[in-house]
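The values are calculated or read from the model by the stated rules, or taken from the named source; none is laboratory data. The structure displayed is predicted, hence computed values, not measured ones. Methodologically, a virtual Cβ is constructed for each residue, glycine included, from the backbone with ideal geometry; neighbour enumeration extends over all protein chains shown. The accessibility values were calculated without ligands, DNA or RNA, using every heavy atom of the protein model including side chains. Shrake-Rupley method; radii C 1.70, N 1.55, O 1.52, S 1.80 Å.
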Amino acid sequence: MQAEKRETTMDRVSKGLARRYRRERWFRLFGLSAIVTSVCFIALLFVSIGANGWSAFQQTEVLLDIHFDKEQFDVDNLSTANYGALVKNSMQALFPDVTGRSDKRELNKLVSSGASYVLQKMVIKDTGIIGSTKKIWLPADDEVDMFLKGYISRDVAESARRLNDKQIGWIDQLVAEGRLEKKFNTIFFTAGDSREPELAGIRGAVAGSLFTLAVTLLLSFPIGVATAVYLEEFAPRNRWTDLVEVNINNLAAVPSIVFGLLGLAVFLNVFGMPRSAPLVGGLVLTLMTLPTIIIASRASLKSVPPSIREAALGVGASKMQAITHHILPLAMPGMMTGTIIGMAQALGETAPLLMIGMVAFIVDVPHGVTDPATVLPVQIYLWADSPERAFVERTSAAIMVLLGFLISMNAIAVFLRRKFERRW
Amino acid sequence: MESMSAVLTTGETPFLGAYSMTQEKVRQEDKAPRENRMTVGVPFVDDARMTCRGVNVYYGEKHAINNVSIDVGRNEVLAMIGPSGCGKSTFLRCLNRMNDTVEGCRVEGDIQLDELNIYDKSVDVVPLRAQVGMVFQKPNPFPKSIYDNVAYGPKIHGLASSRAELDEVVESSLKKAGLWSEVSDRLDQPGTGLSGGQQQRLCIARAIAVRPEVILMDEPCSALDPIATATVEDLISELQEQYTIVIVTHNMQQAARVSQRTAYFHLGDLIEVGSTDRIFTNPRHRLTEDYITGRFG
Amino acid sequence: MWKKGLTLATASIILASAAVNVYAASGRDYISIVGSSTVYPFATTVAEQFGKTSKFKTPKIESTGSGGGMKLFCAGSDIDTPDITNASRRIKFSEYEKCQKNGVNEIVEVKIGYDGIVLANSKAAPQMTLSKKDIFFALAKEVPDPQGGEKLIANPYTTWKEVNPSLPDTKIEVLGPPPTSGTRDAFVELAMEGGCSKVDWIKALKETDKKYYKSVCHTVREDGAYVEAGENDNLIVQKLEANPKALGIFGFSFLDQNGDKIQGSVVEGELPTFENIAAGKYPVSRPLYFYVKKSHVGVVPGMTEFLGEFINDKAWGEEGYLSDKGLIPMPAEERKQFAADVVALKPLVMSK
């Protein structure tokens, strides 16, 4: 009797067992497929951006024999001399049989208008080259670049492409002579914005992003940590602190454009700070990232075991000593992680910057927090909206740079967490 | 006699009755009935280090400690026992104002350390906690080196003027805690890497490094295995020569082993106080008897 | 760590306020330009040329939209207000009044050229030949009842053929900019209103109930035939490539850059080509302007020189670099006229 009864219990258990395991398998399968799906999407994103953008890291350049004609230069006109003429002369020398005003114009269009600035810089740097003839690689026009990269097909009707048959003939000739080559695009990394795709670079945007983030970090980290410490350790639990807490959580969900409007109203209109400055951008992004940092910091303060607090108080540490000596160091990895996530968020933000004038065409690379500047995501947005086709690949390339920054910031967050994490 | 006058001024009349007067075995029918909530036995001593009179503790609306009066004698080990939730830990934490950190906790009554009311407005908790140290239920060393754990208290209180002096304090504290021989060669290792019993002794060393007068121990062995427990119990007996110790324990054998006096708490009331021998052999309150004979708790 | 952070924060606040003070004291050493996103590509090109060939800093140009630019421009004459605002339409009287009220008394108006708004589709589909009336009937929210009578009904047309039997039998699907865009404003005004006024009784409304007339002619249908594709014209071009049945509305420069993928539709018998727009033949084209705050000329360094760069034939002339960017130049006469106004800094006078 007894034995039989026990058997039925076991039977029941094993009957249910199969279902329990099946459920577990299903759950695991579900989790796995979720991960696979998201990885696929990320891979798709990376691949499509990469496929669009990798070609921007190369730029077509044309090798010209530039004769720095003495007649073109005076002592005073080094910056205003007619460098364009030097380029035109050397093109003319390469194609002596091109005559007629309009043909010459078409020919000269093959070289970027930025070529003359390259020469200008060379001469200002070293006046000794005046009078000599040098072989120089100069940027080609974006249309030529697009043609060589295969984005413009020679098969469509002449009227439908921006390079005519003659120009394509010249390009073929230059390629055959080895005077037209794709080279690593240094301009992309060293120049500011430009309306000419072949002269446009992201350095201005990167510098602007760095200045903006520096201001954001310097303000939001101490303020955020101080707020979290006060709320978590000192503030009494009452209706007011509840209200503050609810509002901080609400602020984290406020659309970022609202912070932009606030920045416009307060920093620009009341305090009269300059428009388009990383300083103001940093202030606005500080407002935006503060809730993130405060919430993360409070969570990591909460996760410090109360036994540590008691231990410190038990040996007679004051509250402040308990916090600064024991609780903060233990909460710091979590706080830093929260801060870096907040910074990464701030790095990708455009909407609030629109209001304070950082969505702007700025050529000069900023050198301080009050210089007009733009930031990486804004640069991407501006390029994405430009008609020139060569900006398409540059947009993707800029996205790659932005992603690079984001990934390295997150990697730093992981590294810091690993490094400073302590067990207790 | 001094302690008696204190009782009178606070309007406290402990229920001593006929039972406390005799040392003989009390007959069953003469024991205080279970409904009786006044303290039975001898809560007061002549040479008191700490005196508590009419202590009430509230957690918000909840009345956690009800009108408790008791003395802690000099260089004695006072054990506080009782079933879970009886308020013994709460009362212990009143003695160095650790309850201050608990939101909504209110303490009424008079607790004196060397004739100074520790709840007086003029008293600073920081030096108070240096005088009344505490060891907690779970070993809680700081996630720092063994040396830093012990040196932390002296450092913040400025008890050592030089590195050499600090080294000395650390060494003597660890020796007193019986840990020196085990850790002297790895003082820079993290304190969290020690075994449970060693960690608890490290916490005791940390507490005695600031030279307290009283050490409060809140179930110091509950997280330890029997061997580590025995080591810590031996340590308590040794420390008794220099310090006054109040220990809360769940373990009646432990109370019997380490303490001279025992106080029994029940649902926020102090039921009975007396010499440990007497409490365990001849309880005068039915609740105490129920507890020590294992009828509940 | 904690203390360090606090010190750093204090230091940065002090530094920041110092920087602002320096900024406020020294004024601005670059030109600040705001305004229309349509003029943006042209203004930026001139700014860049100017920055690279002169000793002055490159002007800063924000793309705020025509209306947004006017608002900033007319906010006052302080040094921290913009010096120039671009507009893809003429300044409105209300804006002019606001400027006057805020102490921006002297504004110089400069017309820089023309922009064509094109309707285009993929080269994979046949080219469309439309009249303004077709456009109105295909895209308005309410159209005159085809049964006759002076009555409006919700737009019933779903295919082009229903609108005009000579058009192909494809679904009406037009991708265009949202109402915040200047391109949309101009399209509605030039193409839709143009077609709307071909209906006699609606045209008569203009005299009697102008408000109602405008709402009839300017309201675009919202039943899915007109898709708001955002401000990004590149996106519209990409969508057209993917969907040969759809038509897109955008500025001429995008057609100019993507001539291998898309083709402009014939409107009122004219193709949207550079020559046709320049000659004023293509009907859906609009002038582009910028406005200069006279009080800032001579205060902000480089203002005169920048204006000089803009009104140079090298920039806005027939062969100028702006025409490479898709700007349709004004006739020589008109250019001369505006250039003279700019040189003389002749203030704009408007009356209601």
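The numbered conditions (1) free of Cβ contacts under 8 Å to residues at least 40 places away in the same chain; (2) in the same structural domain as C:Q127 (by TED's automatic domain parsing); (3) surrounded by 19 or more Cβ atoms within 10 Å (Cβ to Cβ) are all true for C:A279 except (3). Among the residues of the range C:306-350, those identified as assigned to a loop (DSSP other than H, G, I, E, B) and in contact (Cβ under 8 Å) with a residue 60 or more places away in the chain are C:I311, C:K325, C:G326, C:L327, C:P329, C:M330, C:L345, C:K346, C:L348, C:M350. All conditions but one from (1) open to solvent by 80 Å² or more (accessible area, probe 1.4 Å); (2) under 27 Å from C:Y321 (Cβ atoms); (3) at pLDDT 85 or above; (4) not small (G, A, S) apply to A:L110; the one that does not is (1). Just one of (1) under 28 Å from C:T81 (Cβ atoms); (2) surrounded by fewer than 19 Cβ atoms within 10 Å (Cβ to Cβ); (3) within 13 Å of chain C (Cβ to nearest Cβ) fails for A:V266. It is (3). Considered as a group, the residues in the range A:271-303 that are of a type in the set (S, T, N, Q) and outside any helix (DSSP H, G or I) include one that is modelled with the highest pLDDT, and that residue is A:S303.
Among the residues of the range C:48-84, those that are surrounded by fewer than 23 Cβ atoms within 10 Å (Cβ to Cβ) and among the basic types (K, R) comprise C:K52, C:K55, C:K57, C:K71. Looking only at residues in the range B:29-61 that are outside any loop (DSSP other than H, G, I, E, B) and closer than 17 Å to B:E289 by Cβ, which one is most open to solvent (accessible area, probe 1.4 Å)? My answer is B:E29. Looking at B:S237, B:S222, just one residue is open to solvent by 10 Å² or more (accessible area, probe 1.4 Å), under 21 Å from A:L313 (Cβ atoms) and either part of a strand (DSSP E or B) or among the polar types (S, T, N, Q) (or both), and that residue is B:S222.
In the range A:270-281, is there at least one residue being within 14 Å of another protein chain (Cβ to nearest Cβ), farther than 30 Å from B:Q199 by Cβ and open to solvent by 50 Å² or more (accessible area, probe 1.4 Å)? Break it down stepwise before answering.
Taking the range A:270-281 and keeping what is within 14 Å of another protein chain (Cβ to nearest Cβ), we get A:270-281.
Subsequent filtering for residues that are farther than 30 Å from B:Q199 by Cβ retains A:270-281.
Cutting the leftovers down to open to solvent by 50 Å² or more (accessible area, probe 1.4 Å) gives us A:270-271.
Yes, because at least one residue in the range A:270-281 is within 14 Å of another protein chain (Cβ to nearest Cβ), farther than 30 Å from B:Q199 by Cβ and open to solvent by 50 Å² or more (accessible area, probe 1.4 Å).
Residue-by-condition table, conditions (1) within 15 Å of the chain's Cα centre (by Cα); (2) modelled with pLDDT of 90 or more; (3) within 25 Å of B:L78 (Cβ to Cβ); (4) within 14 Å of chain A (Cβ to nearest Cβ):
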position	(1), (2), (3), (4)
B:L166	no, yes, no, no
B:L174	no, yes, no, no
B:S195	no, yes, no, no
B:A209	no, yes, yes, yes
B:P212	yes, yes, yes, yes
B:M217	yes, yes, yes, yes
B:S222	yes, no, yes, yes
B:I227	no, no, no, no
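The residues of the range B:112-159 that are closer than 22 Å to B:V183 by Cβ, in contact with a Lys or Arg (Cβ under 6 Å, 6 or more places away or on another chain) and of a type in the set (V, I, T) amount to a single one, B:V150. Listed by position, the helices (runs of 4 or more DSSP H) contained in the range A:132-211 that have at least 3 residues being more than 27 Å from A:V365 (Cβ to Cβ) and of a type outside the set (D, E) are A:165-176. Among the residues making up the range B:126-159, those that are among the aliphatic types (A, V, I, L, M) and in a helix (DSSP H, G or I) are B:V126, B:L128, B:A130, B:I146, B:V150, B:A151, B:I156. Screening A:A390 against (1) over 30 Å from A:A299 (Cβ atoms); (2) over 16 Å from the mean Cα position of the chain (by Cα); (3) at the interface with chain C (Cβ under 7 Å from one of its Cβ atoms); (4) open to solvent by less than 30 Å² (accessible area, probe 1.4 Å) leaves a single unmet condition, (3).
Taken together, the residues in the range C:85-135 that are open to solvent by 50 Å² or more (accessible area, probe 1.4 Å) and over 20 Å from the mean Cα position of the chain (by Cα) amount to 13. If you go through the range C:41-52 and keep only what is in contact with a helix residue (DSSP H, G or I) (Cβ under 8 Å, 6 or more places away or on another chain), touching a residue at least 12 places away in the same chain (Cβ under 8 Å) and either among the acidic types (D, E) or facing chain A (nearest Cβ under 7 Å) (or both), you end up with C:P41, C:T45, C:A47.
Being more than 18 Å from A:I168 (Cα to Cα) and among the charged types (D, E, K, R) is the filter here, so list the residues in the range A:102-129 that pass it. Of everything in the range A:102-129, those that are more than 18 Å from A:I168 (Cα to Cα) and among the charged types (D, E, K, R) turn out to be A:K121, A:K125, A:D126.
Taking residues in the range A:111-123 that are over 14 Å from A:D141 (Cα atoms), and partners anywhere that are among the charged types (D, E, K, R) and in a helix (DSSP H, G or I), the pairs with Cβ atoms closer than 9 Å and at least 6 places apart or on different chains are A:Q120/C:K52. Apart from one condition, B:N117 fits all of (1) open to solvent by 30 Å² or more (accessible area, probe 1.4 Å); (2) of a type outside the set (V, I, T); (3) in contact (Cβ under 8 Å) with a residue 24 or more places away in the chain; the exception is (3).
For the range A:398-421, the count of residues that are open to solvent by less than 50 Å² (accessible area, probe 1.4 Å), among the polar types (S, T, N, Q) and either closer than 24 Å to C:N234 by Cβ or in a helix (DSSP H, G or I) (or both) is zero. Would you call B:S84 part of a helix (DSSP H, G or I), within 16 Å of B:D269 (Cα to Cα) and at pLDDT 85 or above? For B:S84, the condition - part of a helix (DSSP H, G or I), within 16 Å of B:D269 (Cα to Cα) and at pLDDT 85 or above - is not met.
Considering (1) under 15 Å from C:E142 (Cα atoms); (2) touching a residue at least 40 places away in the same chain (Cβ under 8 Å); (3) surrounded by 20 or more Cβ atoms within 10 Å (Cβ to Cβ), the lone condition that C:V188 does not fulfil carries the number (2).
Among the residues here, A:T216 does not qualify as over 30 Å from C:V46 (Cβ atoms) and either in contact with a strand residue (DSSP E or B) (Cβ under 9 Å, 6 or more places away or on another chain) or open to solvent by 10 Å² or more (accessible area, probe 1.4 Å) (or both).
B:I204 passes every criterion in (1) closer than 22 Å to B:V72 by Cβ; (2) at pLDDT 90 or above; (3) open to solvent by 20 Å² or more (accessible area, probe 1.4 Å) apart from (3). Within the range C:226-250, being more than 22 Å from the chain's Cα centre (by Cα) and open to solvent by 10 Å² or more (accessible area, probe 1.4 Å) holds for C:E241, C:A242, C:N243, C:P244, C:K245. For the range A:229-246, the candidate set comprises residues that are exposed (fewer than 12 other Cβ atoms within 10 Å of the Cβ) and in a helix (DSSP H, G or I); within that set, the residue that is farthest from the chain's Cα centre (by Cα) is A:R239. Every listed requirement among (1) over 21 Å from the mean Cα position of the chain (by Cα); (2) over 30 Å from C:G269 (Cα atoms); (3) not basic (K, R) is met by C:E62 save one, (1).
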